[in-house]
Amino acid sequence: MSVPFVRLKVIENQQSLEIEKPVSGLSLSGKIQIPGDKSISHRALMLGALAQGETQIQGLLLGEDPRSTAESFRALGAEISPLNTELVRVQGIGLGNLLEPLDILNAGNSGTTLRLMLGILASHLGRFFTVTGDNSLRSRPMSRVVKPLQEMGAKIWGRKSASLAPLAVQGKQLKGITYHSPIASAQVKSCILLAGLMADGETTVIEPALSRDHSERMLQAFGAKLSVDPERISVTVSGGAKLQGQTVIVPGDISSAAFWLVAGAIVPGSELLVENVGVNPTRTGILEVLEMMGADIQQENQRIVAGEPVADLRVKYSKLKSCEIAGDIIPRLIDEIPILAVAAVFAEGTTVIRNAEELRVKESDRIAVMASQLNKMGAKVTELPDGLEITGGTPLTGVDLDSYTDHRIAMSLAIAALNAQGVTTINRAEAAAISYPNFTSTLQQICHSN
């Protein structure tokens, strides 16, 4: 049932989310169905377009980012039925058969769409493509994928030595390489592996730490010749494979579940059941850190769905304690750091987050934005070059906040507001629709006054 202390105001195209904690207090309870995993949704659409035959996708995320992927691959010749959560059909065009689009491809706000697509386009011999994105995406670094692609023989032009979109791509016959990635990034790894599908010989990516492995799992399911070496933290793909259409069942996105896991852990008297969550081991850093902090989270109904481990997660309120978040776990929870910063605000002691400089080049500078916005509420957050230092236990007060058009910032601040006195207003809250279109309505449904 909708409650009056969570209100959404719409003026023209901008939304303001108001959260007013009732004097009597509030608690959270209920069952939550989260959106489909964004990473898997992107990859299912892309590989479906590159495969022969039909791919059927169930549980696709209906956020703006997958829509950008679908629109781009429709423009490249794939037939993709209208997007919905029940069943999306992709009629693949086959590896190497993408068409030259009539117009510029627009990845919107989606770094995954743009970076992974570059690997695919660069390997389409003799064809020309131009790709761009929105204001935010045009400021995000692309050299991390452009440079290894150029090592493979790709021809890519763009602003600042092809480090910023818009980018122009002239498809070439690429050659396989062994690439030692300086960062653990699933986007970098996936881009190179996708380019390697049509390259001469073998293409290997070696990472400094393990990043999420959705691409490897899905490439193997679609028929790519791929091998993984856990000791080297490397993946090798052989050129010349043919991909066949598959049925993909997309589990719930643990990055979306993270908001409710933290909410249930920090709001007194709360108990939530978050259903059908993907618990791929390369994504469960959030669960490990919350466990370190003393959160009461149980995995129930554990199962395997289309090659991905899935569980229902039950979270209950508990008193959290501080911890240090750094090192190899960072790539496994990079998207969850904004909401973990909120958890740290309500934890006893000082939490330190390091080795997360990647956050400075996301949809916003998430380190700077989370520090500034939480401090506005009265938190004690110090910005570090590569992370945050957060001293918990300071009461928060409702104020005017800004999402900086970053979906994870908007939702993280909304969760923080549940424990703030007075009214908190989050401006430009429409950003949440990038990955979680139903976030506000779900928040309204689970909030109950005491």
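Quick one: pull the percentage of alpha-carbon pairs in the range 310-379 with a separation above 21 Å.
Numbers: 732 of 2415 pairs.
For the range 310-379, the fraction of Cα-Cα distances above 21 Å is 30 percent.
Karplus-based coupling profile of the range 52-62, in residue order and whole Hz: 8, x, 9, 10, 10, 10, 10, x, 4, 5, 9, with θ = phi - 60° in 6.51 cos²θ - 1.76 cosθ + 1.60 and x standing for Gly or Pro.
How much length, in nm to one decimal, is gained on full extension between Glu100 and Arg354, taken as 0.36 nm per residue of separation minus their Cα-Cα distance? The partial results should precede the final answer.
Working: separation 254, 0.36 × 254 = 91.44 nm, distance 4.32 nm.
Extra length available between Glu100 and Arg354 comes to 87.1 nm.
Note down, for the chain, the three equivalent ellipsoid semi-axes (square root of 5 times each alpha carbon gyration tensor eigenvalue), biggest first, whole angstrom. Provide the component values of the computation, followed by the final result.
On the way: eigenvalues 279, 94, 89 Å².
Value: 37, 22, 21 Å, ordered largest first.
If you take the alpha carbon atoms of the range 197-240 and fit the smallest convex hull around them, that volume is 65 Å³ per residue.
Could you give the alpha-carbon Rg of the range 100-148 over 2.2 N^0.38 Å, rounded to two decimals?
Its radius of gyration relative to the 2.2 N^0.38 Å reference: 1.11.
Taking label points 7 Å from Cα along the Cα-to-Cβ direction, Glu54 and Gln170 give a separation of 4.0 nm. Distance distribution note for the range 121-165: the fraction of Cα pairs above 15 angstrom is 42%. Along the range 376-382 the Karplus relation, 6.51 cos²θ - 1.76 cosθ + 1.60 evaluated at θ = phi - 60°, assigns HN-Hα couplings of 4, 7, x, 6, 10, 10, 10 Hz to successive residues, with x for each Gly and Pro. Computed from phi, the 3J(HN,Hα) profile of the range 107-118 under the Karplus parametrisation 6.51, -1.76, 1.60 (θ = phi - 60°) reads 8, x, 9, 9, x, 4, 4, 5, 5, 5, 5, 4 Hz, with x in place of Gly and Pro. Counting only protein heavy atoms and a 1.4 Å probe, the range 21-167 has 37 square angstrom of accessible area per residue. Normalised by 2.2 N^0.38 Å, with N the number of residues, the alpha-carbon radius of gyration of the range 257-335 equals 1.08.
Can you list the residues, at least 5 places off or on another chain, whose amide H is less than 5 Å from the amide H of Gln14, using H built in the peptide plane? Amide H neighbours of Gln14: none.
Which log10 I(q)/I(0) values does the range 193-326 give at q = 0.11, 0.14 Å⁻¹ under the Debye formula, counting every alpha carbon as one identical point scatterer? Those come out to -0.52, -0.75, one per q.
Normalised Debye scattering of the range 180-268 at q = 0.11, 0.20, 0.21 Å⁻¹ gives log10 I(q)/I(0) of -0.40, -0.94, -1.00, counting only Cα atoms as equal scatterers and leaving out solvent.
Remark on Ile249: its backbone amide H falls under 5 Å from those of Gln58, a criterion applied only to residues 5 or more positions apart or on other chains, H modelled at 1.01 Å from N. Tell me the carbon and sulfur percent of the accessible area for the chain, rounded to whole percent, probe radius 1.4 Å. C and S atoms contribute 49 percent here. The angle separating the long axis of helix 64-75 from the principal Cα axis of greatest extent in the chain is about 20 degrees.
Residues with beta-carbon under 13 Å from that of Arg140, excluding Arg140: net charge, scoring Lys, Arg +1 and Asp, Glu -1? Before the final figure, lay out the partial values.
On the way: positive: Arg115, Arg138, Arg144, Arg159, Lys160, Arg360, Lys362, Arg366; negative: Asp134, Glu358, Glu363, Asp365, Asp406.
Taking every Cβ under 13 Å from that of Arg140, the sum is +3.
Could you state the accessible area per residue of the range 223-336 in Å², with a 1.4 Å probe and every protein chain left in place?
Details: 4370 Å² over 114 residues.
Counting only protein heavy atoms, the per-residue value for the range 223-336 is 38 Å².
Could you calculate the FRET efficiency of Ser161 with Gln299 from 1/(1 + (r/R0)^6), where r is the beta carbon distance between them and R0 is 41 Å, rounded to 0.05? Efficiency, from the Cβ-Cβ distance: 0.30. Relative to the first principal axis of the alpha-carbon coordinates of the chain, what is the inclination of helix 38-50, with its axis defined by its Cα atoms, in degrees from 0 to 90 and to the nearest 10? Roughly 20 degrees between the two axes. Remark: relative contact order (the range 155-273) = 19 percent; criterion is Cα-Cα distance under 8 angstrom and separation of 6 or more residues. Ratio of Rg to Rh for the range 106-218: 0.94 [Cα atoms; Kirkwood radius as inverse mean 1/r over pairs]. Compute the whole-percent fraction of alpha carbon pairs in the range 48-108 spaced more than 20 Å apart. When every Cα pair of the range 48-108 is considered, 22 percent fall beyond 20 Å.
Net charge around Ile206, counting only other residues with Cβ within less than 9 Å of its Cβ (Lys, Arg = +1; Asp, Glu = -1)?
It works out to a net charge of -1.
On full extension of the chain, what length is gained from Leu87 through Glu151, given 0.36 nm per residue of separation minus the C-alpha to C-alpha distance?
Numbers: separation 64, 0.36 × 64 = 23.04 nm, distance 3.89 nm.
Gain in length upon complete extension: 19.2 nm.
Subtracting the Cα-Cα distance of Val228 and Asp400 from their residue separation scaled by 0.36 nm leaves 57.1 nm.
Just need the Rg to Rh number for the range 332-450, please, alpha carbons only, Kirkwood Rh. Taking Rh as the inverse mean 1/r over Cα pairs, Rg/Rh reads 0.95.
Size descriptors for the range 175-226 (Cα atoms only): Rg and Dmax, in that order, 10.5, 28 Å. Measuring against 25 Å, Cα to Cα, the residue pairs Lys31/Lys362; Lys147/Lys172; Lys21/Lys316; Lys160/Lys362; Lys38/Lys160; Lys38/Lys189 contain Lys31/Lys362; Lys38/Lys160 as the ones spanning a longer distance. Cross-link partners of Lys321 among aspartates and glutamates, defined as those whose alpha carbon lies under 17 angstrom from its own and excluding same-chain residues fewer than eight positions apart: Glu288, Glu291, Asp296, Glu348, Glu389.
Note on the range 1-125: percent of Cα-Cα distances in each 10 Å bin, starting at 0 and stopping at the bin with the largest distance, equals 11, 34, 24, 16, 11, 3, 0.
The values are calculated or read from the model by the stated rules, or taken from the named source; none is laboratory data. Small disclaimer: the values here were computed from a predicted structure and weren't measured. Note that we place each Cβ from the backbone using ideal geometry, even for glycine, and neighbour counts take in every protein chain shown. Accessible surface is based on the protein model in full, side chains and every heavy atom, while ligands, DNA and RNA are left aside. Shrake-Rupley method; radii C 1.70, N 1.55, O 1.52, S 1.80 Å.
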